[in-house]
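One structure is given below, encoded as structure tokens.
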Amino acid sequence: MYNDAKARINGLYFPSLAELGYTDAVLTSSFYALEDLPAIQEYSDLHYRQIDLSVGGTYNVTTNLFVTAQAGFQQFIDDAPYVYGDQDGTVYSGSLGIGYRF
Amino acid sequence: MNFARKLLIPLPLLMLFVPLSVSAENSASSVSATVETGGAGIAVSDDIKRVNEYSVIRTKPGVNPYGKVDLRVREQGIVFDGTSRFMDSRDQTHEGTLDVKRVFRTSFSYDAFQHWLDHDQLNYLDAAIPPASSYTGNAANPLPLTPNTVPGYWYTPLPGTTTPAYGGSSATPPAGYQAQQIGRATLYGEDLTPNSDFSIVRREWKSDTDLTIPQLPNLTFHFNYRNEQREGVEQSIGMSKCTSCHITGGGKNIDENTRDISAGVTGRFGLLTLTYTFLNRQFRENAAAPTRLYDPALSPGQAYAVNGPFDNRLLYDYENGPLRYDATPDSNKNSHVVKAKVDLPGEASVFASYVNTKVDSSKSDEPGIFTLDRQKLESTYDSFGGRVTTKVGKRLTFTLRGKTEKIRNDDVGIAFTTLSGTGTAPNQFVPDPTSLQATRYSSLSRDSYTIGLDAVYRLARRTTLRLGYDFNEVNRHEQEFGDSKIHTVKASINTRPSTTLSARASYTFKKIDDPFVTPAAALVPMTDVSGNITVGNGPTYGIDFYNRRTADLSNQPDTVHEGNVSATWSPGPRFSTTAYYRIKAERNDLNKGAWKQTSHGPGLTVWYAPTDKVAMTLAYNYQKQKTENMMCQGLYDG
């Protein structure tokens with residue numbers, strides 16, 4: 001399995017206080033200006049990829065007896081770390097077993 | 001105790017395995033089983049939390065033995081199916097079903113898994129307005145405001161004053177000016193447990209049993225049990241305010257138990273089927289709630305002092321010591337459900353149901369801060385529902401539906417402890433005594449009525465048209481939250497023009513009169529506020545800001561259009577593809593603006609199986625959503 005997911009917010013727009021009709025000298029100063037708030041949208045960029053590979057097999061030694069093996073590889077690639085930090089991670093998994101059916 | 005419980009959990013299952021395995025030797029044809037054992041392990045690099053969020057081999061790096069058992073027994077009317085999978089103590093599943101001559105049927109399971117949780121680093125919140133010392137302007141040299149040159153106070157000329165605005169550090173404005181405090185506010189986040197990993201282990205025991213006594217063949221008795229245990233640590237985020245907005249993250253112990261017991265009976269009397277079910281649910285949080293040491297109440301820039309002058313502004317702060325927060329209350333739930341169905345000739349049926357539910361949750365006072373007028377918060381739910389289905393001719397089917405719901409939730413009286421020293425300097429206001437005796441009215445209390453009519457018409461062979469209409473009226477107990485009327489019209493068509501192609505199209509229109517909104521939630525007229533926001537003149541957030549808001553806000557639509565189309569093409573047994581498109585347009589015309597949201601969601605899936613044992617799936621999904629909304633921006637000047 002391969003999954004590539006992207007999400008982002010753009011087009012965020014806040015009118016200035018002047019556009020909203022506020023004329024008070026203090027409030028309309030740059031200090032409380034809303035025009036800078038669209039920078040928030042830069043935080044919204046999310047991009048991650050997931051890889052999930054697994055292969056396994058069973059060999060019947062006799063009609064009843066079998067051996068089985070499995071190997072797996074999972075990877076999460078965080079291309080846009082933000083709130084939760086860099087979540088890159090890789091897992092290698094494997095199992096080896098013996099079984100009997102009747 | 002936990003260790004003993006671990007040993008006891010699989011015991012019933014093992015006890016069943018023993019005699020069945022023995023019987024296998026005597027009647028091999030009725031028993032089949034597979035037993036597997038071996039070793040399994042994982043190795044991890046970097047962060048385990050996302051890549052192994054729900055583990056399937058092990059919950060953390062290492063190797064351990066594993067075991068799996070599948071067992072099926074059929075003997076003289078008794079059928080048992082069991083599976084058991086043990087990977088490690090926090091990753092195991094055991095299931096079994098037993099059918100004894102269709103008189104006694106039971107299924108039981110035990111399931112355990114670990115869920116790694118996210119860890120918010122809280123390193124993206126920091127913001128600050130610099131202190132007064134960074135501003136060097138004065139009346140003769142009125143430097144403008146910039147983010148890096150901010151005075152503690154900004155002096156705005158009063159009518160008649162011709163000199164420009166400028167900044168300074170005194171709360172007392174010069175003659176001819178008014179002052180507004182603007183500097184020294186901060187907002188910062190702090191992760192108090194940066195090296196902690198958060199996870200929850202969930203364990204669930206469940207059994208569902210049906211019993212039909214031969215002497216009462218019309219009745220089937222049901223007994224169900226479920227016990228869910230959640231243990232671990234999750235992140236809990238709290239906030240202090242006054243000197244600054246201080247947001248902190250810490251660990252919260254979780255030891256939750258949810259126990260469900262339900263019993264009921266189903267009776268079949270000719271055309272009539274009756275079902276009654278009783279459910280008792282008990283939820284307990286056995287871990288102590290986290291505590292928080294709140295920041296001292298200080299004027300920005302002042303040194304901390306025990307019993308400082310700002311202590312008379314907050315109900316609690318640093319001097320109260322650690323206080324509970326983020327507590328999960330214990331709760332109990334009792335539910336009665338009665339259902340009746342009559343199957344009539346001609347594919348007609350009548351269905352009716354009644355649901356009565358009562359939930360209570362525990363509440364407690366915070367000594368010295370507030371007291372509540374009740375220690376149990378009770379909610380009740382009563383619902384009557386009905387449905388009549390009938391067929392008219394060979395092609396047309398009508399369904400008439402109706403439901404009434406009554407939800408009640410207690411109002412809660414809250415008495416806040418009177419602050420000592422209110423109305424004293426500096427800049428202190430005297431609280432309105434009624435504000436110390438508040439009532440939390442519930443928006444949950446409401447009556448809801450729903451009626452609907454559906455029609456299904458077979459236009460042609462392999463083509464069906466569906467039409468539907470719903471009307472739902474919601475009358476909320478507290479008039480402040482308003483009443484809503486919801487009209488829903490639905491139409492859809494399913495067709496299969498050939499053996500390889502099928503398609504579906506649907507459209508839904510909703511008209512909601514008075515959807516749930518927050519009335520007067522934003523937009524204070526500047527004519528009210530301008531010149532009246534100087535610290536020291538006595539304005540309060542409640543009286544001078546909140547009470548003067550004029551704009552209603554909502555993220556709930558009053559008009560919804562939704563359309564879906566999809567088509568599936570399957571030219572052969574080894575290939576299939578589906579294309580779909582979903583569009584939804586919502587809006588709400590509010591008194592001072594509109595909330596609008598439009599979303600598009602096209603997608604494509606392709607499935608291909610080159611051989612019987614190899615199959616591939618490719619999927620692409622795209623979603624675009626556009627929202628236009630009025631927001632309320634907080635001005636965080638302490």
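Every number in this text was worked out from the coordinates using simple rules, so none of it is lab data. Keep in mind that this is a model prediction, so the values were computed, not measured. Note that we place each Cβ from the backbone using ideal geometry, even for glycine, and neighbour counts take in every protein chain shown.
Taking amide H atoms as placed 1.01 Å from N in the peptide plane, the amide H of residue B:298 lies under 5 Å from those of B:243, each 5 or more residues away in sequence or on another chain. For residue B:341, the lysines whose Cα falls under 29 Å of its own Cα, not counting residues fewer than eight places away in the same chain, are B:101, B:206, B:333, B:358, B:391, B:394, B:403, B:406, B:490.
Think of the protein assembly as shown as having a plus end and a minus end, set by charges on the Cβ of Lys, Arg, Asp and Glu; of B:137, B:218, B:630, B:218 sits farthest toward the positive end of this dipole.
For the range A:71-102, the residues whose amide N sits under 16 Å from a probe point set 7 Å from the Cα of residue B:121 along the beta carbon direction are A:77-89. Fraction of C-alpha pairs exceeding 44 angstrom in the protein assembly as shown: 46 percent, rounded to a whole number.
If the chain linking residue B:550 and residue B:449 were pulled fully straight, counting 0.36 nm for each residue of separation and taking away their Cα-Cα distance, it would gain 33.2 nm.
Please give the net charge around residue B:394, taking every other residue with its beta carbon less than 13 angstrom from that of residue B:394, where Lys and Arg add +1 and Asp and Glu add -1.
Working: positive: B:391, B:395, B:458, B:461; negative: B:347.
Around residue B:394, the charge tally is +3.
Where the only charges are on Cβ atoms (+1 Lys, Arg; -1 Asp, Glu), what is the dipole of the protein assembly as shown about its Cα centre, to the nearest 20 debye?
Values: 72 positive and 78 negative charges, 776 e Å.
That gives the protein assembly as shown a dipole magnitude of about 3720 debye.
For chain B, the longest principal axis of the alpha carbon atoms and the long axis of helix B:11-26 meet at an angle near 20°.
For the range B:551-638, run through the trypsin sites (Lys or Arg not before Pro) and keep only the ones in DSSP coil with at most 11 other Cβ atoms within 10 Å of their Cβ. Those that pass, being in a loop and sparsely packed, are B:613.
The phi torsions of the range B:331-345, fed into the Karplus equation with coefficients 6.51, -1.76 and 1.60 and a -60° offset, translate into couplings of 8, 10, 9, 10, 9, 10, 10, 10, 10, 9, 9, 10, 8, 9, x Hz, rounded to whole numbers, with Gly and Pro shown as x. For residue B:68, which aspartates and glutamates qualify as cross-link partners when the Cα separation must be under 18 Å and same-chain residues fewer than eight apart are set aside? Filter leaves B:36, B:81, B:88, B:91, B:95, B:111.
Summing Lys and Arg as +1 and Asp and Glu as -1 over all other residues whose Cβ lies under 14 Å from the Cβ of residue B:274 gives a net charge of +2. Within the range B:217-236, list the residues whose amide N lies under 16 Å from a label point set 7 Å along Cα→Cβ of residue B:211. Backbone N within reach: B:217-225.
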